[in-house]
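These notes concern the structure reproduced below.
The values are calculated or read from the model by the stated rules, or taken from the named source; none is laboratory data. Everything numeric here is computed off the predicted structure, so don't read it as measured data. FYI the Cβ positions are ideal-geometry reconstructions off the backbone, even for glycines, and counts take in every protein chain you see. These area figures cover heavy atoms from the full protein model, side chains too; ligands, DNA and RNA do not enter into them. Shrake-Rupley method; radii C 1.70, N 1.55, O 1.52, S 1.80 Å.
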Amino acid sequence: MGNFNRRSIPFKYAQESLGQRIVGVMIKPVGALCNLDCAYCYYLGKEKLYAGQMARMDIQLLEKFTEQYIAANQRADEISFCWHGGEPLLAGLEFFKKAVSFQKKYNPGKQISNSLQTNGTLINQDWVDFFRENNFLVGVSIDGPQAIHDATRRNKRGQGTFTEVLKGIEMMYKGGVQYNTLTTVNHVSQDHGREIYLFLKSIGSYHMQFLPVLEYIKSGIVPPGTPGSQLAPWSVSSEKYGDFLCDIFDLWSKDDVGTRFIPFFESVLANYLGVPPGICAWCETCGNNVALEWNGDVYLCDHFVYPEYKIGNISTMSFSQMASSDILFRFGLGKRNGLPDGCFRCPYYKLCFGECPKHRFLTTADGQPGLNALCEGYKRFFAHTEAWFIKMGQ
């Protein structure tokens, strides 16, 4: 691939830049505040950004953001609010009732949806009723059977949380709440793909996300390119992550196509077909999903909440301005332009597009930076599944 192609702007991305881009937000109503102390959490350390301050979004800021966010996304068919943490339920039920009331107040007639990611330990009947009545899609973090889950997902007292999480899932199942599962793949779980998949089926999960835990540390977790950083001990091995995905794919493709949904597999198929994959990690460019902290600070991405990646604050800069800012546009384009030359010659480039920039810690054999640390694992998966995806695409 020559310099001309690398430096050019993809047509779709150029089109977006000419008008108001549709930008989603991962909302952190309590910042990094959490009632758990998971060994591998990439976000707990963000509390140091606001040391000594009570990390809770006030109602006035919530209303201001809601009004700005809806106004900025008038071109969208659906306006989605994504609540994240830390543990967002610590904001309290009244906070979310206010959030829904503000959405109704400023809604010009659009379809509005809410999704929320939780560790599941605080769910009670009041939450279940609220989620069901307001059509929340709830993602629950659970890493597998008890021995695997409790090895890393523990509370502040060092106790495993499996029993509490399972109780929360059962309550939502009985209460008619839409939910899915989010499972991290880390140094403990990386050899147990089949076991974890069958377990998730057994607890009624029909929509499963499997996210790799891969971080580099120096004095805490650091972004790609940090000199002197080292692979965190809780990270998944690249090759074993590839094997994990292959093991799950073999079970899913044999028995569960069309009944259970795994976003990664859907994204791979979309890229085979040349249609938008729906997940930023698997797009050619990114920059369409920012992170909003509890005090109104907006960062380029949930995985880049560092001072140098801050766009602004909604108290002094409108969300529309931030959504169309040059810094966000350049960050999104950098997803492609920051790749080593060898990636553009890879037969799987148009399936992975270099995956997420947060994982680009390696250098190539000829010394170019920006190689994804999970590259070998993804190649293993793409080679294993290629024939199936080609057939399915046809």
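For the reader, a short list of remarks on this structure follows.
- The stretch 229-247, subset of a type in the set (Ser, Thr, Tyr) and assigned to a helix (DSSP H, G or I), residue nearest to the chain's Cα centre (by Cα): 241
- The criterion of at least 1 residues that are under 23 Å from residue 259 (Cβ atoms) and free of Cβ contacts under 8 Å to residues at least 40 places away in the same chain is met by the following helices (runs of 4 or more DSSP H) wholly inside the stretch 84-198: 162-175.
- Residue satisfying all of: in the stretch 322-347; open to solvent by less than 10 Å² (accessible area, probe 1.4 Å), in a helix (DSSP H, G or I) and not basic (Lys, Arg); nearest to residue 358 (Cα to Cα) among these: 332
- Residue within the stretch 214-228 that is surrounded by fewer than 17 Cβ atoms within 10 Å (Cβ to Cβ), in a strand (DSSP E or B) and among the charged types (D, E, K, R) present: yes
- When residue 25 is tested against (1) closer than 30 Å to residue 234 by Cβ; (2) hydrophobic (A, V, I, L, M, F, W, C); (3) modelled with pLDDT under 95, just one condition goes unmet, and that condition is (3).
- Those residues of the stretch 199-213 which are at negative phi and either part of a loop (DSSP other than H, G, I, E, B) or polar (S, T, N, Q) (or both), in sequence order: 202, 203, 205, 206, 209, 213
- Residue in the stretch 62-74 that is over 21 Å from the mean Cα position of the chain (by Cα), buried (at least 18 other Cβ atoms within 10 Å of the Cβ), closer than 24 Å to residue 119 by Cα and modelled with pLDDT of 95 or more present: yes
- The single residue among 124, 107, 119, 114 that is crowded, with 21+ Cβ neighbours inside 10 Å and at negative phi turns out to be 119.
- Candidates are the residues of the stretch 358-387 that are in contact with a Phe, Trp or Tyr (Cβ under 8 Å, 6 or more places away or on another chain), open to solvent by less than 50 Å² (accessible area, probe 1.4 Å) and not hydrophobic (A, V, I, L, M, F, W, C); the one that is farthest from residue 243 (Cα to Cα) is 358.
- Annotation: residue 239 fulfils all but one of (1) touching a residue at least 60 places away in the same chain (Cβ under 8 Å); (2) crowded, with 18+ Cβ neighbours inside 10 Å; the unmet one is (2).
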